[in-house]
1. From the residues in the stretch 227-253 that are touching a strand residue (DSSP E or B) at 6+ places or on another chain (Cβ under 7 Å) and farther than 15 Å from residue 516 by Cβ, which one is surrounded by the most Cβ atoms within 10 Å (Cβ to Cβ)?
2. Is it the case that residue 376 is assigned to a helix (DSSP H, G or I) and farther than 22 Å from residue 467 by Cα?
3. Select from the stretch 460-514 the residues that are part of a strand (DSSP E or B), out of contact with any helix residue (DSSP H, G or I) (no Cβ under 8 Å at 6 or more places or on another chain) and under 19 Å from residue 568 (Cβ atoms) and list them in ascending order.
4. When you scan the stretch 257-314, how many residues do you find that are within 14 Å of residue 169 (Cβ to Cβ) and within 30 Å of the chain's Cα centre (by Cα)?
5. Give the stretch 530-563 a look and list any residue that's out of contact with any strand residue (DSSP E or B) (no Cβ under 9 Å at 6 or more places or on another chain), surrounded by 14 or more Cβ atoms within 10 Å (Cβ to Cβ) and assigned to a loop (DSSP other than H, G, I, E, B), or say none.
6. Tally up the residues in the stretch 372-399 that are closer than 17 Å to residue 529 by Cβ and buried (at least 17 other Cβ atoms within 10 Å of the Cβ), please.
7. Kindly indicate whether residue 394 is within 30 Å of residue 109 (Cα to Cα) and at pLDDT 95 or above.
8. How many of the residues in the stretch 334-373 are touching a helix residue (DSSP H, G or I) at 6+ places or on another chain (Cβ under 8 Å), more than 25 Å from residue 510 (Cβ to Cβ) and in a helix (DSSP H, G or I)?
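The values are calculated or read from the model by the stated rules, or taken from the named source; none is laboratory data. These figures come from a predicted structure and were not determined experimentally. We place every Cβ from the backbone using ideal geometry, glycine too, and count neighbours over all the protein chains shown.
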């Protein structure tokens with residue numbers, strides 16, 4: 001979310017010095033030569049793109065990730081058109097499921113005719129609730145379909161026994177992006193819009209304006225009471241605080257007003273003998289709220305969770321209202337994406353590996369996988385050398401860090417074993433029914449893991465996804481086929497470019513194993529202190545510097561980046577870029593880098609990095625990102641790490657007084 005690998009530090013495969021005829025990779029048309037790279041490398045590398053590019057009306061932001069996603073979207077459109085015309089798809093086959101899911105989702109006339117009918121049975125089951133026991137049974141039935149409530153149950157690897165799956169309870173039930181949106185004055189306008197959104201949605205259900213408004217106030221009140229006992233985004237960053245194991249006796253004693261036997265029986269799960277509660281205060285609070293909030297109000301709350309989840313897949317009035325708040329208010333989007341793009345995304349969500357298998361067969365180049373695999377070898381080797389040069393780490397801690405590198409599991413492109421979708425029924429009955437069935441299928445897969453060892457080869461992303469990840473509980477890095485595309489990876493470009501972008505992405509994910517969160521997990525993925533006390537104190541002192549650095553960046557108006565919330569990603573960016581740089585230098589085999597398009601290899605490496613983070617954002621999107629997202633905005637991701645690297649200073653002759661210059665005693669050097 002793993003085969004044990006040992007890569008010797010001398011292993012750098014496929015190293016080549018490219019000639020003047022090799023493509024530079026960097027986009028020369030983006031460069032604004034009126035800006036000095038010594039003052040602002042981001043605007044120098046992207047200035048003309050920033051001036052000319054417009055954010056599409058259907059997006060809250062636009063950048064390199066979107067560019068790749070658009071290409072993947074076009075490929076998926078072609079692929080789904082082909083599958084949709086398949087008249088020989090056998091009943092129960094992946095082709096039949098993809099075809100029926102996609103065509104049913106695309107049938108807007110059918111959705112319009114059905115109106116609210118697809119959720120009427122679940123609405124009726126909520127209406128029948130008369131007791132607390134029935135409330136818990138119905139909550140469980142909705143949870144099994146992927147619909148939220150006041151209980152957040154899931155199965156995941158045990159943080160302190162990473163080979164075993166454990167049962168967890170987490171905070172849940174909030175409709176706003178974060179706890180702070182309910183209580184801080186700066187979010188009052190969004191909270192008010194949310195209340196109006198709930199009102200309008202109940203009007204879509206047929207309630208009178210007065211009743212809809214009253215319902216909205218009840219739901220806001222319930223969510224606010226739940227939010228009081230939640231943790232905000234920053235508080236949730238510490239995995240030690242999220243790991244609170246309880247025996248069955250302790251857990252039932254903590255929340256005696258919640259009949260957990262009834263809830264778990266309705267889930268089809270045996271009452272766990274032990275459970276891990278991420279936020280105990282939330283369930284201590286729920287123990288009171290389950291009685292103090294009237295059953296009639298809880299019923300409204302469940303109706304809201306159902307309609308909020310289902311709205312994007314129903315008739316147009318629900319779809320538009322859902323977009324008005326979630327798309328426009330929260331992200332500044334001007335219009336919805338075309339229906340085919342929305343249905344494609346949902347198909348990927350429900351049938352991701354079935355669709356991904358077809359995507360890989362048609363569009364993924366195996367040569368890219370080989371070259372990225374070689375880059376991973378080189379990045380790991382670079383990491384080994386860097387760890388050995390860290391003067392703030394003891395030999396014992398360095399050995400443990402090297403062991404963690406030894407055991408990193410790499411996943412490239414697509415899974416070795418695909419998910420079996422045989423138990424998932426997909427029909428032409430209704431779009432929402434298929435999505436609901438998808439939720440039940442995923443829930444069944446999840447609870448089937450109880451009592452079984454962790455499958456370390458399971459993927460946390462689908463093949464077309466334009467992203468990558470590191471999972472600390474399995475010590476794995478994963479790069480789906482979707483991200484290995486221009487402008488992140490170009491097989492026609494030289495190593496300076498590919499290490500500057502794709503190499504840095506690989507290094508980024510590797511560094512997540514050594515960021516503020518990943519550093520707390522050992523080589524086997526267990527939440528266990530493997531540092532000496534002194535070394536870990538040194539590490540935390542260094543992370544404090546990067547927190548301070550990003551806290552100083554003003555994103556919009558008076559709003560600054562949250563250095564504490566974003567520290568993990570900022571550590572990963574700096575570490576990843578550093579490792580990629582030294583992997584690139586190693587690939588030159590001691591030779592001088594070639595000059596292409598007037599730039600040295602070192603300069604192209606840093607320009608490629610800066611161009612990879614080109615981004616435009618709408619104000620609403622940026623403000624929500626600062627409040628809730630652990631990633632910093634693209635311009636700060638581009639410039640922040642570079643201002644800490646002497647190697648960048650040397651490449652562009654940055655001197656004191658230049659905009660990119662950062663005093664030596666303020667520069668952050670961790671990995």
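1. If we take residues in the stretch 227-253 being touching a strand residue (DSSP E or B) at 6+ places or on another chain (Cβ under 7 Å) and farther than 15 Å from residue 516 by Cβ, then 251 is surrounded by the most Cβ atoms within 10 Å (Cβ to Cβ).
2. No: the conditions fail for residue 376.
3. 471, 476
4. Total meeting the criteria: 18.
5. 531, 532, 562, 563
6. 2
7. So residue 394 fails the test.
8. 18
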